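Contents: one structure, followed by commentary.
The values are calculated or read from the model by the stated rules, or taken from the named source; none is laboratory data. Note that the structure is predicted; figures quoted are calculated from it, not measured. We place every Cβ from the backbone using ideal geometry, glycine too, and count neighbours over all the protein chains shown.
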Amino acid sequence: MARFSVFLITLALMAGIVGCSGSDNEYDLTIASTTGGSVGSVDTPGVGTFTYATGTVVDLVAKPKAGYHFVAWTGDVSTVADLNDATTTITMDSDYSILASFAFGPQYIPMVAAGGYHTVGLKAGGTMVSAGYNSAGQCNVGNWTDIIQVAAGGYHTVGLKANGTVVGMGNNESEQCNIGDWTDIIQVAAGEYHTVGLKANGTVVGMGNNESQQCNVGGWTNIIQVATGYGHTVGLKSDGTVVGVGDNESGQCDVGDWRNIIQVTAGGYHTVGLKSDGTVVAVGDNTYKQCWVGSWMNIVQVAAGEYHTVGLKSDGTVVDAGYNTYGQCDAGGWTDIIQVTAGYRHTVGLKSDGSVVAVGHNTYGQCDLSGWNLN
């Protein structure tokens, strides 16, 4: 009887060992969400508890509701690839419990904008910094708050506020800053002496110098992004086509045959489009080879200056083409860049850590940005 009891105990221990072995190969992932959003999609887990094999890389997707924004993944996040990205992954090597956090209100994303001879930066808290030429007060933006996007023109600066209204500062001789009554704006662009705003319903408004009809955008519909050059305006439509109005002496508005465009930018007298496959097209003045961008690949954002063009690659490096007398195209050694912008004769890059780099014309200190941190 004693031997039988020992036998039963041995079997029980073996069963327990086998059971523990199984649990070592699988782990539970518990996902929750705060108010203001949801988690999951057709191919990713939602709120609940899910079991995965050791080493499984699980896709995570957080979706904010209207009026909210994603903040971060919190909890057991040691193997989450990017805590601040709503679309990321978690690697299962233990039991984890994570929370998708949302907050009410707009998300202030740092960015830089280069004007004629000045540079402005939008900080993560919705406030502004500036440097460079301030002849018309275009750098007097230090008291702006609740800004979610900024644009810099020749001698003026425009800020989009979280409530969809717009503020302007600087040269106003063409009334390019008379935009205080605009509402429902979701993006702004600033040319040399004109300002353009994209409304939530896909229509566009314009204000300022209209000698070349660059402000004749009132009939545009289904627009998802706008860009402004010296005397022309371009709009990206929801179907990936592009429209343009204004000065067309160099063919900078000849964009009607473009297809599969996901972003546009306008320089002094040329226009550049980023295609969905990461390649780039350009039309207009090519005196300094600023339109020689046809060989560029893996581009995620483009910017155009007076006579030069800049492209941000998917690996965080930068390519450029065009006029380089002031070194504005000497950005080839930059790394970890997440956004680029181009002024008349200078180029600015925002790095992933919130710091800012710049090259080119610096007579007015528009490139003296080494002390900036926009995070």
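Go through region 99-151 and count every residue that is aromatic (Phe, Trp, Tyr) and over 22 Å from residue 198 (Cα atoms). Even if it seems obvious, please write down each step before you answer.
In the first step, residues of region 99-151 are kept if they are aromatic (Phe, Trp, Tyr); the result is 102, 104, 108, 117, 133, 144.
This time we only want the ones that are over 22 Å from residue 198 (Cα atoms), so: 102, 104, 117, 133.
Selection size over region 99-151: 4.
Every residue, every condition in (1) in a loop (DSSP other than H, G, I, E, B); (2) buried (at least 17 other Cβ atoms within 10 Å of the Cβ), yes or no:
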| position | (1), (2) |
| --- | --- |
| 27 | no, yes |
| 31 | no, yes |
| 50 | no, no |
| 59 | no, no |
| 71 | no, yes |
| 85 | yes, no |
| 93 | yes, no |
| 100 | no, yes |
| 113 | no, yes |
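Determine which member of the set 348, 310, 293, 340 is touching a Gly at 6+ places or on another chain (Cβ under 8 Å) and assigned to a strand (DSSP E or B). Can you show your working first?
Numbers: 348 fails: touching a Gly at 6+ places or on another chain (Cβ under 8 Å); 310 fails: touching a Gly at 6+ places or on another chain (Cβ under 8 Å); 293 fails: assigned to a strand (DSSP E or B).
Step by step, each of 348, 310, 293, 340 is checked, and only 340 is touching a Gly at 6+ places or on another chain (Cβ under 8 Å) and assigned to a strand (DSSP E or B).
Test residue 131 against the criterion of being over 17 Å from residue 341 (Cβ atoms) and out of contact with any helix residue (DSSP H, G or I) (no Cβ under 9 Å at 6 or more places or on another chain), and give yes or no. If you could, list the steps in order and put the result at the bottom.
Details: over 17 Å from residue 341 (Cβ atoms): no; out of contact with any helix residue (DSSP H, G or I) (no Cβ under 9 Å at 6 or more places or on another chain): yes.
So residue 131 does not fit the description; no.
Name the residue, out of 157, 165, 145, that is farther than 20 Å from residue 205 by Cβ, in the same structural domain as residue 340 (by TED's automatic domain parsing) and among the polar types (S, T, N, Q).
On the way: 157 fails: farther than 20 Å from residue 205 by Cβ; 165 fails: farther than 20 Å from residue 205 by Cβ.
Selected residue: 145, the only one of 157, 165, 145 that is farther than 20 Å from residue 205 by Cβ, in the same structural domain as residue 340 (by TED's automatic domain parsing) and among the polar types (S, T, N, Q).
Among the residues that make up region 171-187, is at least one of them in the same structural domain as residue 137 (by TED's automatic domain parsing), closer than 30 Å to residue 294 by Cβ, under 23 Å from the mean Cα position of the chain (by Cα) and assigned to a strand (DSSP E or B)?
Here is the first cut: in region 171-187, the ones in the same structural domain as residue 137 (by TED's automatic domain parsing) are 171-187.
Narrowing the set further to residues that are closer than 30 Å to residue 294 by Cβ leaves 187.
If we keep only those that are under 23 Å from the mean Cα position of the chain (by Cα) too, we end up with 187.
When the remaining residues are screened for being assigned to a strand (DSSP E or B), the result is 187.
Checked against the condition, which is being in the same structural domain as residue 137 (by TED's automatic domain parsing), closer than 30 Å to residue 294 by Cβ, under 23 Å from the mean Cα position of the chain (by Cα) and assigned to a strand (DSSP E or B), region 171-187 yields at least one hit.
Give all pairs with beta carbons closer than 6 Å in which a residue from region 196-216 that is farther than 13 Å from residue 153 by Cα and touching a residue at least 40 places away in the same chain (Cβ under 8 Å) meets a residue that is of a type in the set (D, E, K, R) and surrounded by fewer than 17 Cβ atoms within 10 Å (Cβ to Cβ); count only pairs at least 6 apart in sequence or on separate chains.
Pairs that qualify, where the first residue is farther than 13 Å from residue 153 by Cα and touching a residue at least 40 places away in the same chain (Cβ under 8 Å) and the partner is of a type in the set (D, E, K, R) and surrounded by fewer than 17 Cβ atoms within 10 Å (Cβ to Cβ): there are none.
How about region 119-161: which of its residues are outside any strand (DSSP E or B), free of Cβ contacts under 8 Å to residues at least 60 places away in the same chain, of a type in the set (Gly, Ala, Ser) and in contact with a Phe, Trp or Tyr (Cβ under 8 Å, 6 or more places away or on another chain)?
Of everything in region 119-161, those that are outside any strand (DSSP E or B), free of Cβ contacts under 8 Å to residues at least 60 places away in the same chain, of a type in the set (Gly, Ala, Ser) and in contact with a Phe, Trp or Tyr (Cβ under 8 Å, 6 or more places away or on another chain) turn out to be 125, 126, 135, 136.
Is it the case that residue 192 is without any contact (Cβ under 8 Å) to a residue 60 or more places away in the chain, outside any strand (DSSP E or B) and not aromatic (Phe, Trp, Tyr)?
Working: without any contact (Cβ under 8 Å) to a residue 60 or more places away in the chain: no; outside any strand (DSSP E or B): yes; not aromatic (Phe, Trp, Tyr): yes.
For residue 192, the condition - without any contact (Cβ under 8 Å) to a residue 60 or more places away in the chain, outside any strand (DSSP E or B) and not aromatic (Phe, Trp, Tyr) - is not met.
Suppose the filter is closer than 29 Å to residue 34 by Cβ and touching a strand residue (DSSP E or B) at 6+ places or on another chain (Cβ under 6 Å); does residue 101 pass it? Let's see the steps before the verdict.
Working: closer than 29 Å to residue 34 by Cβ: yes; touching a strand residue (DSSP E or B) at 6+ places or on another chain (Cβ under 6 Å): yes.
Taking the combined requirement at face value, the residue satisfies it.
Counting only residues that are assigned to a strand (DSSP E or B) and not aliphatic (A, V, I, L, M), which one in region 351-370 is surrounded by the most Cβ atoms within 10 Å (Cβ to Cβ)? Steps first, answer last, please.
Residues of region 351-370 assigned to a strand (DSSP E or B): 351, 355-360.
From what is left, the residues that are not aliphatic (A, V, I, L, M) are 351, 355, 360.
Details: 351: 19, 355: 16, 360: 25.
Among residues in region 351-370 that are assigned to a strand (DSSP E or B) and not aliphatic (A, V, I, L, M), the one surrounded by the most Cβ atoms within 10 Å (Cβ to Cβ) is 360.
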